[in-house]
Amino acid sequence: KDLFGKEPIRSVFTYQLNNSEFCQTFQADALIFVMSKSSNFESRQAIRRTWGNLQRIADQHQYSHLRLGLLFLLDIDETHLLNVQLEQNIFQDLVQVRLPQHYTLSTYRDMAILHWTQTFCPQAKLTVKTDDDVFLNTYLL
């Protein structure tokens, strides 16, 4: 039961890629989820090279105690399935929920992030959601 004594709602979310081992590798204190379309590989690469390079933060003494994780939440696009799978094999930072990329489903994607965190990374104290066209100052996070 939850804090209000109610039974939990059963999940309606399924994942093409669930990356369930992500938080088993290290115990993340905070997760940063970046919403991205399957076709936006270049945006994800730019984030990995810049503000999403969390190793750069961990290497600095004053932030070395922080354990941050970065994941990209992707849509299902049949034309990019192979590319997404190859990208996952290389970077191990993708979660792909079985929802089409449509603006009216954005609330469901937000709920999928919370569901994924509760299911696969319950020790995380903070979950941050952003988009792949937004700069996030991780030093101020």
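The values are calculated or read from the model by the stated rules, or taken from the named source; none is laboratory data. Just so it is clear, the structure is predicted and the values come from calculations on it, not from any experiment. Every residue, glycine as well, gets a Cβ built from its backbone with ideal geometry; the counts of neighbours run over all protein chains shown. For accessibility, only protein heavy atoms count, side chains too; no ligands or nucleic acids. Shrake-Rupley method; radii C 1.70, N 1.55, O 1.52, S 1.80 Å.
Each row is one residue, and each column tells you yes or no for (1) touching a Leu at 6+ places or on another chain (Cβ under 8 Å); (2) charged (D, E, K, R); (3) in a strand (DSSP E or B).
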{"position": "MET35", "(1), (2), (3)": "yes, no, yes"}
{"position": "SER38", "(1), (2), (3)": "yes, no, no"}
{"position": "SER43", "(1), (2), (3)": "no, no, no"}
{"position": "LEU71", "(1), (2), (3)": "yes, no, yes"}
{"position": "ASN83", "(1), (2), (3)": "no, no, no"}
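Does GLN118 qualify as being part of a helix (DSSP H, G or I), exposed (fewer than 14 other Cβ atoms within 10 Å of the Cβ) and out of contact with any His (no Cβ under 8 Å at 6 or more places or on another chain)? Yes, satisfied. For first residues located in the range 121-140 and within 12 Å of ARG67 (Cα to Cα) and among the hydrophobic types (A, V, I, L, M, F, W, C), partners that are assigned to a loop (DSSP other than H, G, I, E, B) and at pLDDT below 95 and lie 6+ apart or on another chain with Cβ distances below 9 Å form the pairs ALA124/GLN27; ALA124/ALA28; ALA124/ASP29; LEU126/ASP29; LEU126/LEU141.
Only one entry in ARG49, ARG98 is touching a residue at least 40 places away in the same chain (Cβ under 8 Å) and not small (Gly, Ala, Ser), namely ARG98. Here ARG48 does not fit the description of being charged (D, E, K, R), assigned to a helix (DSSP H, G or I) and modelled with pLDDT under 90.
Which condition number in (1) modelled with pLDDT of 95 or more; (2) more than 16 Å from the chain's Cα centre (by Cα); (3) of a type in the set (A, V, I, L, M) is the one that LEU71 fails? Only one criterion in (1) modelled with pLDDT of 95 or more; (2) more than 16 Å from the chain's Cα centre (by Cα); (3) of a type in the set (A, V, I, L, M) is unmet by LEU71, namely (2). Restricting the range 52-73 to residues that are in contact (Cβ under 8 Å) with a residue 60 or more places away in the chain and over 27 Å from ASN83 (Cα atoms) leaves a set whose member that is least open to solvent (accessible area, probe 1.4 Å) is ILE57. Of all residues in the range 28-44, at least one satisfies being closer than 23 Å to VAL97 by Cβ, open to solvent by 70 Å² or more (accessible area, probe 1.4 Å) and without any contact (Cβ under 8 Å) to a residue 40 or more places away in the chain. Restricting attention to the range 121-130, the residues that are outside any loop (DSSP other than H, G, I, E, B) and surrounded by 14 or more Cβ atoms within 10 Å (Cβ to Cβ) add up to 4.
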